[in-house]
Each structure stands twice: as C-alpha cells, then as structure tokens.
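J.: Structure in structure tokens, see below.
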Amino acid sequence: MQPECPPSSGLLSRRRFAELLALAALIHPQTALADPKFEAFIQNTLWPRLKAAGISRELFEQGFKGITDPDPTVLKLAANQPEFTSTTSDYLAKAVTPARITTGKAKKVEEEELLSAIEKKYGVDRHILLGIWGMESNFGKDKGSMSVIRSLATLAYSGRRKDYGNEQLIAAFKILQRGIVKPDDFKGSWAAAMGHTQFIPTSYISYAVDWTGDGRKDIWNSRQDALASTANYLARAGWQSDRPWGWEVTLPKGFDVALIGRSHWRPVAAWQALGVKRADGGKFGSLKAEAFVMVPQGVSGPRFLVTKNFLAIMDYNLSHSYALAVGHLADRIRGMGPFEAAWPDVDFGLSFEQRVELQKRLNAMGFETGGSDGRFGARTYEAIIAYQKKKGLQLDGRPSPKLLAFIRENG
C-alpha cells in the first residue's frame with residue numbers, strides 16, 4: 001500500500017503526508033526497513049546451507065517470512081565490548097537478589113513433587129535447577145520475545161559470531177521441522193536462548209526431554225520439560241549427586257598461593273589437611289571429591305573450593321561468574337547465608353587496552369586467562385599467579401601497571 005500523494009505543498013499537507021508515511025511503516029514494517037544485501041544473504045548464502053542440511057524450501061520460506069533486515073538490537077549486543085570494570089561481585093549483586101531468593105524458595109515449595117521426581121531420575125540437586133531457572137528466565141517470567149530465526153540470521157550475517165549463527169540456525173530449523181513450535185512463536189533472547197531455562201538450539205536437540213509425556217519437548221510452555229531437560233544436560237555434563245558445587249573457604253596463614261587454580265585438583269580431604277576450612281564453620285563432607293581453590297576476584301577476595309560439579313554448571317554457561325551465581329543462588333534458596341568475606345576493590349590502575357594487552361601477553365606465554373576481553377576473572381588471576389611463580393615474583397596474583405611493565409621487558 002502506497003501513501004497518497006499530498007494535494008498541495010502546504011504545512012497541513014506535508015504533515016498529512018508524514019503521517020501517511022508513518023502509517024505505511026506500521027503496516028509494512030519489514031518492507032519499510034528492507035535491506036537488499038541482507039535479503040540476498042538469506043537467499044544466496046543461508047538457503048543453500050539449510051537446503052544441504054535437509055530443510056525444505058517451504059519451511060525455509062515460512063521461517064523467514066517477513067524477515068528482510070538484520071535485527072539492530074542483536075547487532076548492538078553482539079558487538080558490545082563488556083565493560084572492563086564489571087566484576088564477579090557486580091554480577092552477583094545483580095543476579096542473586098532478595099526478590100529472586102524469595103521467589104526461588106516459593107517455587108521450591110510449589111514444585112516440590114516435580115523437583116523431587118526430576119532429582120531422583122537425574123541425580124541433580126533441585127536447588128541448582130532452581131538457581132538456573134531463576135538466573136535464566138526469572139522463573140519463567142522473562143523467556144525472551146525476539147525472533148530466533150531473525151536473531152540467528154543476523155549473527156550469521158555480521159560480527160564476530162558468524163560460526164555460532166550458522167550452526168544454531170541449522171539447528172533452529174531442525175526444531176521447526178519437528179513441529180514442536182511454529183515460526184511465529186519461535187522466540188528467545190538476542191542470542192537465540194530459548195524457553196524457561198534458555199537452551200540454545202543445539203542444546204535443545206541434544207538434551208531436551210519430554211517429561212510430561214505428551215510427545216512434545218516443550219521448553220517454552222512446559223516448566224516440567226524445561227527443568228527436566230536442564231537436569232539431563234547437567235547429568236550428561238558430569239554432575240555427581242554426592243557433592244555440592246563447592247564452598248566458600250578460608251585459607252590458613254602461610255598457605256601456598258601457588259596452589260590456587262584448576263591445575264591443582266586434590267581431594268577435599270587433602271585440602272582440609274592443609275588447613276582449608278569452610279568459611280561458615282560447617283563441615284565439608286564429600287571428602288573424596290576432587291576440588292581446586294578458586295579466587296574469582298583476586299587473592300584478597302572471597303576464596304572457594306569448587307568441585308567438578310562447578311564445571312558442569314560452567315558447561316551450561318562458560319562463565320565463572322555465572323556458575324558462582326547459580327551455585328550461590330541455589331544455596332540461598334536452600335537456606336544458607338551470604339558469603340562471609342568482603343569483595344575487594346579491583347581498581348588496578350590499568351586502562352582497558354592495558355588489561356587486554358596483559359591477558360594477550362600471558363596467553364601467548366602459555367598462561368591461559370580464558371580470553372582477552374579485558375575482564376579479570378578466576379582464570380586471569382590464576383594465570384598471573386602461575387607467571388609470578390615462574391618468575392620468582394611475589395605471589396599476590398595482582399594485575400598492575402608494574403606487572404605489565406615487567407612482562408613487556410622480560411616476557
């Protein structure tokens with residue numbers, strides 16, 4: 001539908017013309033914003049890939065109906081560089097809130113029968129499932145409202161996540177092919193995480209289960225299917241029912257800081273023999289479980305002894321902050337208290353560029369920081385400690401301009 005041509009050049013006519021243009025954009029928003037290059041990409045690049053993966057032309061056209069331009073929100077979020085001042089403590093403050101803890105406790109009571117049955121089948125702690133449910137969608141309140149197909153096509157089209165976009169797009173169409181969800185209802189986050197516990201398409205195909213027995217693995221509308229699917233995921237990622245994710249701990253005076261990090265797995269009993277204790281004064285249990293000492297915000301901050309169950313949570317989302325938040329939210333829902341130690345200041349006097357340089361230099365020397373995004377997490381502190389150990393420096397694990405200068409000069 002084309003807007004009428006204004007009968008005169010007067011102000012009223014120009015205003016009317018503008019109103020009609022706005023109306024046309026509302027009626028045909030995709031047409032008004034059509035991007036010929038993106039449309040060509042869909043037809044000339046994505047269609048051959050999807051066809052090769054066994055997707056029919058009819059389903060392809062249904063999935064891309066009305067999609068003619070990349071999603072600007074996805075482009076913005078995909079290109080966003082995480083703020084280097086973001087810390088684990090910042091993340092936890094936003095993730096483990098009083099409201100979320102209260103809701104989690106209520107859901108624990110409401111879903112007791114379901115959670116008990118899932119826990120019995122998969123051996124995954126119900127509190128961890130509640131922690132993930134709360135973290136991922138605020139217990140089903142925020143499941144995402146963006147088009148999965150448009151989001152993934154946008155990622156495949158531009159930016160640093162093209163491989164991810166292409167892989168997940170094929171998986172997304174295979175989900176549509178199964179008829180579990182219709183294209184118009186295929187919604188998720190900007191990165192195409194879907195449903196109550198935010199599975200990406202490949203995870204859905206590999207781990208989703210039909211807990212209700214209705215023939216549909218419906219993680220969008222069935223909390224039962226979603227929670228059981230999450231338990232299945234964690235169980236297959238190595239979750240073991242005889243141990244927790246970990247504990248906040250205190251380290252004894254004179255503790256060898258060089259023992260911090262995932263290269264030093266030891267049984268909990270061995271750490272206990274070295275004088276490592278639970279910060280809340282409780283007993284460890286799980287004495288045979290392998291664990292390592294983690295310092296997510298530096299040696300002077302809270303210290304944790306984490307088991308391989310912590311890594312199972314990280315398999316769900318590859319972030320120490322995320323895994324710690326899930327574990328802590330789970331513990332708070334269980335009835336445990338907040339962390340004992342205070343979080344330290346991390347204003348190290350390094351610019352963002354210097355942070356990235358420090359990480360890149362450490363990575364190049366074989367001291368893995370887990371990336372070079374300018375954010376200092378557990379892996380970066382472990383890498384610094386290992387470097388300081390090798391060079392005979394004081395083992396404070398602290399990034400600083402002085403340390404960066406030393407690395408520049410000495411390698």
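J.: Please report, as a whole percent, how much of the solvent-accessible surface of the range 79-142 comes from carbon and sulfur atoms (probe radius 1.4 Å).
T.: Within the range 79-142, the accessible surface is 51 percent carbon and sulfur.
J.: Further question on the same structure: Run the numbers for E61 and D396: contour at 0.36 nm per residue of separation, minus the present Cα-Cα distance, in nm.
T.: Working: separation 335, 0.36 × 335 = 120.60 nm, distance 5.82 nm.
Here the answer is 114.8 nm.
J.: If you take the beta carbon distance between K141 and D185 as r and set R0 to 22 Å, what does 1/(1 + (r/R0)^6) give as a FRET efficiency, to the nearest 0.05? Intermediate results must be reported in sequence, preceding the final value.
T.: Numbers: r = 18 Å, r/R0 = 0.80.
Efficiency computed from Cβ-Cβ geometry: 0.80.
J.: Separation of the range 100-137 and the range 313-327 by C-alpha centroid, Å?
T.: Here the two parts' Cα centres lie 16 Å apart.
J.: Further question: For the range 335-411, with every protein chain kept in place, what is the accessible area per residue (1.4 Å probe, Å²)?
T.: Values: 3970 Å² over 77 residues.
I get 52 Å² per residue for this part.
J.: What size of dipole, in debye to the nearest 20, comes out for the chain about its Cα centre when the only charges are +1 on Lys and Arg C-beta atoms and -1 on Asp and Glu C-beta atoms? Numbers along the way, then the final one.
T.: Numbers: 54 positive and 43 negative charges, 136 e Å.
Its charge dipole is roughly 660 debye.
J.: Determine one quarter of the surface area of the Cα convex hull of the range 256-411, which equals its mean projected area, and express it in nm² to one decimal.
T.: Directional mean of the projected Cα hull area for the range 256-411 stands at 9.5 nm².
J.: Of all the accessible heavy-atom surface of the range 206-278, with the other protein chains kept in place and a 1.4 Å probe, what percent is carbon and sulfur? Working shown, then result.
T.: Numbers: 1470 of 3300 Å².
For the range 206-278, the apolar C and S fraction of the accessible surface comes to 44 percent.
J.: Related question: If a/c stays under 1.5 just call it rounded; otherwise compare a/b with b/c (prolate if a/b is bigger, oblate if not). Do that for the range 354-411, with a ≥ b ≥ c from the square roots of the Cα gyration tensor eigenvalues. Walk me through the numbers before you get to the answer.
T.: Details: a/c = 1.44, a/b = 1.24, b/c = 1.17.
Here the range 354-411 falls in the rounded category.
J.: Another question, then. Taking the chain as a Gaussian network, Cα atoms linked when under 10 Å apart, which of R332, R361, R375 shows the biggest mean-square fluctuation?
T.: Most flexible of the set in this elastic network: R361.
J.: What is the distance in Å between the Cα centroid of the range 267-296 and that of the range 140-165?
T.: 41 Å
J.: Further, regarding this structure: Given the convex hull of the Cα atoms of the chain, what is a quarter of its surface area in nm²? Walk me through the numbers before you get to the answer.
T.: Numbers: hull surface 104.8 nm².
That works out to 26.2 nm².
J.: With a cut-off of at most 13 other beta carbons within 10 Å, and DSSP calling the residue loop, which GluC sites (Glu not before Pro) in the range 282-378 qualify? Please list them.
T.: Details: sites: E290, E340, E353, E357, E368; in loops: E340, E368.
For GluC sites (Glu not before Pro) across the range 282-378 that sit outside H, G, I, E and B with at most 13 neighbouring Cβ atoms in 10 Å, the list reads E340.
J.: Also, quick follow-up: Relative contact order of the chain, please, whole-number percent, based on alpha carbon pairs below 8 angstrom and at least 6 residues apart. Mind showing how you got there, number by number?
T.: On the way: 611 pairs, mean separation 60.5, N = 411.
Computed value for the chain: 15 percent relative contact order.
J.: Okay, moving on. Could you check the spin-label model distance between R49 and F255? Points 7 Å from the Cα along Cα→Cβ, value in nm.
T.: Here the answer is 4.6 nm between the modelled labels.
J.: Turning to a different aspect of this structure: Set the bar at 27 Å for Cα to Cα. Now go through K76/K308; K253/K389; K288/K391; K141/K162; K121/K162 and name every pair that lies beyond it.
T.: Working: K76/K308 35 Å; K253/K389 19 Å; K288/K391 33 Å; K141/K162 29 Å; K121/K162 37 Å.
Cα-Cα > 27 Å for K76/K308; K288/K391; K141/K162; K121/K162; rest within.
J.: Related question: With labels modelled as points extended 7 Å from the Cα through the Cβ direction, what inter-label distance (nm, one decimal) is found for K283 paired with M365?
T.: For the pair K283/M365, the computed spacing is 4.4 nm.
J.: Quick check: at a probe of 1.4 Å, how many percent of the accessible area of the range 29-75 sits on carbon and sulfur atoms? Spell out each step's value before the answer.
T.: On the way: 1450 of 2630 Å².
It is 55 percent, rounded to a whole number.
The values are calculated or read from the model by the stated rules, or taken from the named source; none is laboratory data. Computed from a predicted model, the values in this text were never measured in an experiment. Methodologically, a virtual Cβ is constructed for each residue, glycine included, from the backbone with ideal geometry; neighbour enumeration extends over all protein chains shown. Ligands, DNA and RNA are excluded from the accessible area calculation, which covers all protein heavy atoms including side chains. Shrake-Rupley method; radii C 1.70, N 1.55, O 1.52, S 1.80 Å.
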